[in-house]
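Colleague: Below are the structure tokens for one structure; questions will follow.
The values are calculated or read from the model by the stated rules, or taken from the named source; none is laboratory data. From a predicted model like this one, the values you see are computed outputs, not experimental measurements. Cβ placement follows ideal geometry from the backbone for every residue including glycine, while neighbour counts extend to all protein chains displayed.
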């Protein structure tokens with residue numbers, strides 16, 4: 001079987017589920033990231049042979065894609081800003097909206113010369129912490145999560161991207177026991193309401209970790225409240241908090257945040273929704 005045969009196999013078996021552009025993109029990702037071939041080879045030498053192991057991988061990839069498994073989990077990698085990150089079904093696949101959150105932090109602190117302590121609460125793959133460590137090199141970056149396997153993956157990602165991040169295990173419910181003074185808090189906590197599941201795509205519902213996505217409809221601001229409780233005691237006077245949020249919760253979030261004596265600036269995401277907040281203490 002040749003590279004072109006593999007591409008045609010992919011197209012034929014997935015055409016009823018995905019559009020051609022998606023299928024070709026997925027095939028090229030597998031060529032590049034798994035088989036270590038490049039698109040130029042496909043273009044110049046389409047009759048180059050596929051190994052038996054490569055065709056076996058392709059067949060399993062088709063099966064997984066038909067089962068709505070995200071391509072990122074199939075190849076074991078996701079792309080975030082300039083980073084390539086290992087991912088698996090224990091962590092949320094990094095989203096473009098989170099890139100915008102990171103961009104906002106970098107925009108605010110790129111030219112600041114004083115060393116800052118930054119913490120990423122609920123780090124998952126480490127995409128936020130690693131990006132900030134890479135771009136804001138003079139600062140000290142901490143990142144926490146409550147699961148050893150998740151932290152091991154995040155540590156692999158930090159090593160892969162040649163940055164130093166201080167990872168540690170901590171349950172967000174016991175955040176106040178963390179005695180660490182911080183200048184910048186960044187978090188993309190679970191914020192999708194359970195009642196929104198009916199509008200979610202199957203690839204998310206079937207394969208991404210629900211605990212990283214969904215919150216109880218009866219207490220959707222729980223994680224924000226816990227982080228604010230921590231910040232009340234540990235955020236430096238000039239410190240800032242950056243949140244990714246559910247646009248549906250903006251009114252309730254404003255009410256909650258006002259009780260903690262923070263002023264709020266909001267930012268619209270690429271889809272035209274209020275997706276990010278920056279909080280600063282009233283001095």
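Colleague: For residue 151, state whether it is touching a helix residue (DSSP H, G or I) at 6+ places or on another chain (Cβ under 9 Å) and without any contact (Cβ under 8 Å) to a residue 60 or more places away in the chain.
Modeller: So residue 151 fails the test.
Colleague: Does residue 211 fit the bill of being surrounded by fewer than 14 Cβ atoms within 10 Å (Cβ to Cβ) and touching a helix residue (DSSP H, G or I) at 6+ places or on another chain (Cβ under 8 Å)?
Modeller: On the way: surrounded by fewer than 14 Cβ atoms within 10 Å (Cβ to Cβ): yes; touching a helix residue (DSSP H, G or I) at 6+ places or on another chain (Cβ under 8 Å): no.
In short, no.
Colleague: If you go through region 118-138 one residue at a time, do you hit one that is touching a residue at least 40 places away in the same chain (Cβ under 8 Å), farther than 27 Å from residue 76 by Cβ and touching a helix residue (DSSP H, G or I) at 6+ places or on another chain (Cβ under 9 Å)?
Modeller: For region 118-138, residues touching a residue at least 40 places away in the same chain (Cβ under 8 Å), farther than 27 Å from residue 76 by Cβ and touching a helix residue (DSSP H, G or I) at 6+ places or on another chain (Cβ under 9 Å): present.
Colleague: Could you say which residue among 139, 146 is in the same structural domain as residue 266 (by TED's automatic domain parsing), surrounded by fewer than 22 Cβ atoms within 10 Å (Cβ to Cβ) and over 27 Å from residue 210 (Cα atoms)? Working first, answer last.
Modeller: Numbers: 146 fails: over 27 Å from residue 210 (Cα atoms).
Among 139, 146, only 139 is in the same structural domain as residue 266 (by TED's automatic domain parsing), surrounded by fewer than 22 Cβ atoms within 10 Å (Cβ to Cβ) and over 27 Å from residue 210 (Cα atoms).
Colleague: Sticking with this one: Out of 260, 224, 242, 230, I need the residue that is more than 23 Å from residue 92 (Cβ to Cβ) and touching a helix residue (DSSP H, G or I) at 6+ places or on another chain (Cβ under 7 Å). Which one? Spell out how you get there, then give the answer.
Modeller: Numbers: 224 fails: more than 23 Å from residue 92 (Cβ to Cβ); 242 fails: more than 23 Å from residue 92 (Cβ to Cβ); 230 fails: more than 23 Å from residue 92 (Cβ to Cβ).
Of 260, 224, 242, 230, the one residue that is more than 23 Å from residue 92 (Cβ to Cβ) and touching a helix residue (DSSP H, G or I) at 6+ places or on another chain (Cβ under 7 Å) is 260.
Colleague: Here's a follow-up. I'd like to know if region 103-111 contains one or more residues that are more than 14 Å from residue 131 (Cα to Cα) and without any contact (Cβ under 8 Å) to a residue 12 or more places away in the chain.
Modeller: Yes.
Colleague: Scan 188, 203 and give me the residue that is surrounded by 12 or more Cβ atoms within 10 Å (Cβ to Cβ), on the phi < 0 side of the Ramachandran plot and modelled with pLDDT of 95 or more. Show your work before the answer.
Modeller: Working: 203 fails: modelled with pLDDT of 95 or more.
After ruling out the rest, the residue left standing is 188.
Colleague: Further question: Just checking: which of the helices (runs of 4 or more DSSP H) contained wholly in region 4-118 hold 1 or more residues that are surrounded by fewer than 17 Cβ atoms within 10 Å (Cβ to Cβ)?
Modeller: 20-33, 39-44, 52-66, 96-109
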